Amino acid sequence: MYPELMVIPMREELVRAGIKETRTAEEVDAALAEPGTTLVVVNSICGCAAGKARPGIRLALSNTPNPPDRKITVFAGQDREATDRARSYFEGHPPSSPAVAIMRDGKLVYLMQRAVIEQSTAQSIADELLRAFDAYCAKTTA
């Protein structure tokens with residue numbers, strides 16, 4: 001675990017983008033129990049989180065007409081209980097940090113893992129997330 005003082009700016013980067021920190025398993029469960037869509041960001045101290053994932057996520061959120069209903073984040077290596085709980089919803093997928101998921105009514109509908117993030121730019125991550133928001137978060141009209 002890194003000293004909390006060291007990770008504060010990494011936490012705040014996502015909070016400033018409107019993403020709620022969840023630091024306990026109960027907070028994760030409560031967010032994912034709500035109906036609708038939830039963006040789940042598994043934050044990390046690594047370079048690909050700093051230079052690619054967080055900037056790409058912020059860019060996508062600031063440009064989408066179809067934002068998720070809720071946005072939460074857990075911090076891998078810091079908030080272990082919350083991170084483990086969030087990952088438990090990504091059934092069938094190995095742990096990854098950073099990672100970006102979209103949940104609908106508590107079920108995984110989209111997952112971008114570290115392997116994709118490492119091979120991408122912030123802009124291509126934003127573009128992919130915009131596509132995912134359009135596909136999974138767009139409100140349907142009756």
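The values are calculated or read from the model by the stated rules, or taken from the named source; none is laboratory data. Remember, it's a predicted structure, so these values are computed and weren't measured experimentally. Cβ: placed from backbone, ideal geometry, glycine included. Neighbour counts: every protein chain shown.
Pairs only if they're at least six apart or on different chains, beta carbon under 7 angstrom, first in segment 44-73 and modelled with pLDDT of 95 or more, second of a type in the set (Lys, Arg) and surrounded by fewer than 18 Cβ atoms within 10 Å (Cβ to Cβ); list them, first residue then second.
Lys71/Lys20; Ile72/Lys20
Considering only segment 9-19, I want to know if a residue exists there that is in contact (Cβ under 8 Å) with a residue 40 or more places away in the chain and more than 29 Å from Lys139 (Cβ to Cβ).
yes
Of the residues Lys52, Lys71, which is of a type outside the set (Gly, Ala, Ser) and out of contact with any strand residue (DSSP E or B) (no Cβ under 9 Å at 6 or more places or on another chain)?
On the way: Lys71 fails: out of contact with any strand residue (DSSP E or B) (no Cβ under 9 Å at 6 or more places or on another chain).
Just one listed residue meets the conditions, Lys52.
Given the conditions (1) on the phi > 0 side of the Ramachandran plot; (2) touching a strand residue (DSSP E or B) at 6+ places or on another chain (Cβ under 9 Å), report the number of the one that Gly77 does not fulfil.
(2)
Taking segment 117-129, which residues are within 21 Å of Pro68 (Cα to Cα) and crowded, with 18+ Cβ neighbours inside 10 Å? Full working, then the answer.
First, pick out the residues of segment 117-129 that are within 21 Å of Pro68 (Cα to Cα): 117, 122-129.
Listed by number, the residues that qualify are Ile117, Ala122, Ile125, Ala126, Glu128, Leu129.
Just the residues that are farther than 15 Å from Ala122 by Cα and among the polar types (S, T, N, Q), please, taken from segment 13-43.
Selection gives Thr22, Thr24, Thr37, Thr38.
Condition (residue is among the hydroxyl-bearing types (Ser, Thr, Tyr), modelled with pLDDT of 95 or more, surrounded by 18 or more Cβ atoms within 10 Å (Cβ to Cβ) and out of contact with any Lys or Arg (no Cβ under 7 Å at 6 or more places or on another chain)) applied to segment 19-31: is it met by at least one residue?
There is at least one residue in segment 19-31 that is among the hydroxyl-bearing types (Ser, Thr, Tyr), modelled with pLDDT of 95 or more, surrounded by 18 or more Cβ atoms within 10 Å (Cβ to Cβ) and out of contact with any Lys or Arg (no Cβ under 7 Å at 6 or more places or on another chain).
Within segment 43-52, is there a residue that is surrounded by fewer than 18 Cβ atoms within 10 Å (Cβ to Cβ) and charged (D, E, K, R)?
The answer is no; no qualifying residue exists.
Cβ-Cβ under 7 Å, sequence separation 6+ or interchain: first residue in segment 121-142 and under 16 Å from Ala101 (Cα atoms), partner surrounded by fewer than 22 Cβ atoms within 10 Å (Cβ to Cβ) and among the aromatic types (Phe, Trp, Tyr). Which pairs?
Short answer, once both residue conditions are applied: Ala132/Tyr110; Tyr136/Tyr110.
Please verify whether Thr24 is more than 12 Å from the chain's Cα centre (by Cα) and in contact (Cβ under 8 Å) with a residue 40 or more places away in the chain, treating the condition exactly as stated. Steps first, answer last, please.
Numbers: more than 12 Å from the chain's Cα centre (by Cα): yes; in contact (Cβ under 8 Å) with a residue 40 or more places away in the chain: yes.
Criteria met by Thr24.
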